[in-house]
Amino acid sequence: MSKSLIEVSLHEIAHGRTGDKGDRLLLSVIPYDETGYAPIAEQVTESRMFEMFRHRGATEARRYELPKLYAFNFVIENALQGGVNNSLNLDGHGKTLSFLALTMKVCVSPGVLAAAMKARST
Amino acid sequence: MAIENMHIGGAAAFADDRLDVGIPVANALIDSGKPAALFYENLAERTLALAHRELRKDPLKGYTPDLAGFVSPVLRRCVENGVPVIGNFGAANPMGAAKRLHELAKELGVKGLRVAVVEGDDLRDVIRDLGAEQWGDEVPIDLSNTEVLAANAYLGAEPIADALDLEPHIVVTGRVTDSALALGPLMQHFGWQVGDWDKMAAGVLVGHLLECGGQVTGGYFADPGFKDVANLANLGFPIAEVEADGSFVITKPDGTGGVVNEQTVKEQILYELDDPSNYLTPDVILDISEVELQQIGPDRVRVSGVKGKPAPDTLKVTVSIDGGWLGEGEISYAGPNALARARLAAEILRQRVDLLHLDCDLRTDLIGTVSIHDGDSGELTKSYDGEPLEVRVRAAANANDEATAWTVAREVQALYCNGPAGGGGVRRNITERVKTGSVLVSRRDVMPRVSMVTEDDV
């Protein structure tokens, strides 16, 4: 990585929400500013997202890119350990898991971070 | 002459939603003077099985438990101003809900109520014989040697549009796809037909954005310092102002809390979505990959560019069977060495389950460390090295029988006198579980029915 890049958690530059269908976790990642789209596309890959959920028994992560909406949708299979019907986790829906995904580290330029910070909490 | 815009309000996202949020939405719809409809989503995936259990205990129940709580505050004004109320209030007993609504009208002095009822979703008695195919690649549920608690097809918007042709004040449905609660009135108003795929898709997107109520208007969104939202205690629920071509504006009633912006709309567009180019509904296959958003004013976001593809040949059916029992217990440890005492308590609970030969799957959590993001194996919790000021130990067990589930919960309580020092605040609970699976059936096997229930019928 170039020295001019800053390592931050994804939470600094993006927001998201999770939903569930059975044992399948559905997770959006949305950059606060459009300039966040490219670094996320490059770094928040299917394999890195899969690693975030491996400890929960996930078997696959798929990513859909939405360049018009400037957003990403992830589908993570078998991340809910039975889902709402069968899970022993307090959060059987996986509703809190968007904030696990947002702990992923990404490297961004100061300009991308500044644009995100400006777009936050307007 | 161009057909007038229609305004659709979403006033509930689930059966436990706030009961008072429909009032400002109904008032805004009425004050707009536009053709309008107000809908309530009350039926989560497992709710129908629970409703069937209620119905079995009492034949007058089995519809949404808070029916009167949702409808009472808006009924008179909606009836007097010709704004139909549409809800999947019926659950396992749509006719029971219709009767209850007539009682309610009587209590409130509302005369001449007309309730249209959509049925035909209930396939409980025939599902074994339909040769249904498995949906997706989930593990099929085994229907042999078990009772089917509920089997309901997701009906589409057409029967709701048909029901609205009868000029009811209220439309009660059982299981319909949530978005149909919005698409139904739009089809009826604009005359959209099966085959108008882009318009049908737009109507589905209206429903998709509104069916979770406050989730598109700033609810379930706030992250202080990152995404601030004002006045969530008075969160305004959403209204879509829909044009004849299917483009629409998402907004909320004036004077309410929350916010509508591109961020809130994006989170809700993608909510519970799998492949964004192929979102299957009974009415149309939705493609939101070309959708564009534009903030055109405060709390007003314009949505356009949604595409539709021909509806699938099959309908999805959710089948529910008995899912055993969940037993849970919790106890807190606080102050010096709290984490070590909590870890010891969890270890003791595991040993007790072994000693008593309890036939169950056990999970223990250390709440206050990393419990909820962790898997059942506790991998993240084991490596946690912080020193929290307090930790709450939770044990959760799945068992086939009630007694085993209860024994696990009881063992948490027994830590009071037999576990580590200073444990307190025990709570315990057992829950009867429902297992659900999804299958696909041919449209020919599902016959939606619409009927009108007037004062004279009850």
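The values are calculated or read from the model by the stated rules, or taken from the named source; none is laboratory data. All values reported here derive from a predicted model rather than from experimental measurement. Ideal geometry is used to build each Cβ from the backbone, glycine not excepted, and the neighbour counts take in all protein chains shown. Note: areas computed on protein heavy atoms with side chains; ligands, DNA, RNA excluded. Shrake-Rupley method; radii C 1.70, N 1.55, O 1.52, S 1.80 Å.
Brief remarks follow.
- Matching option when the condition is touching a Pro at 6+ places or on another chain (Cβ under 9 Å), among the charged types (D, E, K, R) and either more than 10 Å from chain A (Cβ to nearest Cβ) or closer than 27 Å to residue A:78 by Cβ (or both), among B:410, B:341: B:341
- Consider region A:80-97 and keep the residues that are more than 19 Å from residue B:397 (Cβ to Cβ) and more than 9 Å from every other protein chain (Cβ to nearest Cβ). The one that is least open to solvent (accessible area, probe 1.4 Å) is A:94.
- Condition check for residue B:218: modelled with pLDDT of 95 or more and within 14 Å of chain A (Cβ to nearest Cβ): yes
- Look at region B:95-119: where a residue is among the basic types (Lys, Arg) and a partner is surrounded by fewer than 18 Cβ atoms within 10 Å (Cβ to Cβ), sitting 6+ places away or on another chain with Cβ atoms under 6 Å, you get B:99/B:458; B:114/B:454.
- When A:71, A:119 are screened for being surrounded by fewer than 21 Cβ atoms within 10 Å (Cβ to Cβ), of a type in the set (A, V, I, L, M, F, W, C) and within 9 Å of chain B (Cβ to nearest Cβ), only A:119 passes.
- Unique residue being at pLDDT 95 or above and either more than 14 Å from every other protein chain (Cβ to nearest Cβ) or not in a strand (DSSP E or B) (or both) when the list is A:1, A:52: A:52
- The set of residues in region B:367-380 being out of contact with any helix residue (DSSP H, G or I) (no Cβ under 6 Å at 6 or more places or on another chain), open to solvent by 20 Å² or more (accessible area, probe 1.4 Å) and not hydrophobic (A, V, I, L, M, F, W, C) consists of B:368, B:376, B:377.
- Elements of the type helices (runs of 4 or more DSSP H) sitting completely within region B:323-423 and holding at least 3 residues that are at pLDDT 95 or above: these cover B:338-355, B:402-418.
- Residue list for region A:75-122, restricted to those being within 14 Å of the chain's Cα centre (by Cα) and of a type in the set (S, T, N, Q): A:96, A:98, A:103
- Answer from B:233, B:202 - the residue that is over 22 Å from residue A:63 (Cα atoms), open to solvent by less than 40 Å² (accessible area, probe 1.4 Å) and away from every other protein chain (no Cβ under 12 Å): B:202
- Residue satisfying all of: in region A:17-44; open to solvent by less than 10 Å² (accessible area, probe 1.4 Å) and more than 7 Å from chain B (Cβ to nearest Cβ); nearest to residue B:375 (Cα to Cα) among these: A:25
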